[in-house]
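The values are calculated or read from the model by the stated rules, or taken from the named source; none is laboratory data. All figures in this text were calculated on a predicted structure; none of them were measured in a lab. FYI the Cβ positions are ideal-geometry reconstructions off the backbone, even for glycines, and counts take in every protein chain you see.
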Amino acid sequence: MPLYALGNRTPTIHPDAFVHPDAVVIGDVHIGADSSVWPSAVLRGDYGTIIVGERTSIQDGAIIHAVDAFPTVIGDDCVVGHLAHLEGCVIEDRALIGSGSIVLHQATVHSGATVGAGAVVRNRMDVPANALAVGVPAVIKLDSSGEDSIVENAASYVANARWYKKELRAL
């Protein structure tokens, strides 16, 4: 897998995490136990810190970036969908970020919340716990998301990552 230090910024990847060989991890990036980073995802901690908790999946083509003033923090048991873009935001535990969505600087997605596919969560926006954020720009639908299905989805990626660690081979 392409792992890069940049100056004194070096990735820290838990030995139980899975980073696909076609993902790119650069700089000050911390990936927790049983988390997974899938093909073509880029985690670029050049200007700031990126923290990925435990049992969290960063799916294919996702872009995770941070700036010096705003680290990007993704909690435990989260699902970050295909082609999502997160930058300088906080994603609390057990949240789901839908495919193709964007979450920008100083936004917070609280526990149990879902950002719908293609939604744009603007700077400093707050997505309450168990809410659904949909649209461009995102609007909030309270009590429209649930942690149980998010945790179940995250667990399926933990199992998938274990399978990949055991049996993935280049041909």
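Would you pick out the residues in the stretch 88-102 that are farther than 10 Å from S145 by Cα and not β-branched (V, I, T)?
Result: G88, C89, E92, D93, R94, G98, S99, G100, S101.
Identify, please: which residue in the stretch 51-108 is of a type in the set (D, E) and within 13 Å of V37 (Cα to Cα) and is, among those, surrounded by the most Cβ atoms within 10 Å (Cβ to Cβ)?
Per the criteria, the residue is E54.
Which members of the stretch 27-68 meet the condition of being touching a Phe, Trp or Tyr at 6+ places or on another chain (Cβ under 9 Å) and either assigned to a loop (DSSP other than H, G, I, E, B) or aromatic (F, W, Y) (or both)?
D34, S35, W38, R55, T56, Q59, D60, G61, A62, A66, D68
Here's the yes/no breakdown for (1) modelled with pLDDT of 95 or more; (2) assigned to a helix (DSSP H, G or I); (3) not hydrophobic (A, V, I, L, M, F, W, C):
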site	(1), (2), (3)
S111	yes, no, yes
G118	yes, no, yes
I140	yes, no, no
S144	no, no, yes
S156	yes, yes, yes
Y164	yes, yes, yes
A170	no, no, no
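Within the set of pairs 6 or more residues apart or between chains, which connect a residue that is closer than 15 Å to T72 by Cβ inside the stretch 21-38 to a residue that is outside any strand (DSSP E or B) and of a type in the set (A, V, I, L, M) with Cβ atoms less than 6 Å apart?
Hits for this filter: I31/A17; S35/A17; V37/A23.
Looking only at residues in the stretch 91-109 that are in contact with a Cys (Cβ under 9 Å, 6 or more places away or on another chain) and outside any strand (DSSP E or B), which one is farthest from V67 (Cα to Cα)?
Top of the filtered list is R94.
Just the residues that are within 12 Å of S145 (Cβ to Cβ), of a type in the set (S, T, N, Q) and without any contact (Cβ under 8 Å) to a residue 24 or more places away in the chain, please, taken from the stretch 103-134.
Once the filter is applied, which keeps residues that are within 12 Å of S145 (Cβ to Cβ), of a type in the set (S, T, N, Q) and without any contact (Cβ under 8 Å) to a residue 24 or more places away in the chain, the stretch 103-134 yields only N130.
D148 versus (1) surrounded by 14 or more Cβ atoms within 10 Å (Cβ to Cβ); (2) out of contact with any Leu (no Cβ under 8 Å at 6 or more places or on another chain): which is the lone unmet condition?
D148 satisfies all of (1) surrounded by 14 or more Cβ atoms within 10 Å (Cβ to Cβ); (2) out of contact with any Leu (no Cβ under 8 Å at 6 or more places or on another chain) except (1).
How do the pairs read when you match residues in the stretch 85-102 that are at positive phi with residues anywhere that are β-branched (V, I, T), using Cβ under 8 Å and keeping only pairs 6 or more apart or on different chains?
Pairs found: G88/V67; G88/T72; R94/I150; R94/V151.
I need the full set of residues from the stretch 1-26 which are under 18 Å from Q59 (Cβ atoms) and either in a strand (DSSP E or B) or among the basic types (K, R) (or both), in order please.
I13, F18, V19, V24, V25
Does R124 fit the bill of being farther than 28 Å from P15 by Cα, assigned to a loop (DSSP other than H, G, I, E, B), charged (D, E, K, R) and out of contact with any Asp or Glu (no Cβ under 9 Å at 6 or more places or on another chain)?
Here the answer is yes, as R124 does meet what is asked.
Does H82 satisfy being of a type outside the set (A, V, I, L, M, F, W, C) and either touching a Cys at 6+ places or on another chain (Cβ under 7 Å) or not in a loop (DSSP other than H, G, I, E, B) (or both)?
no
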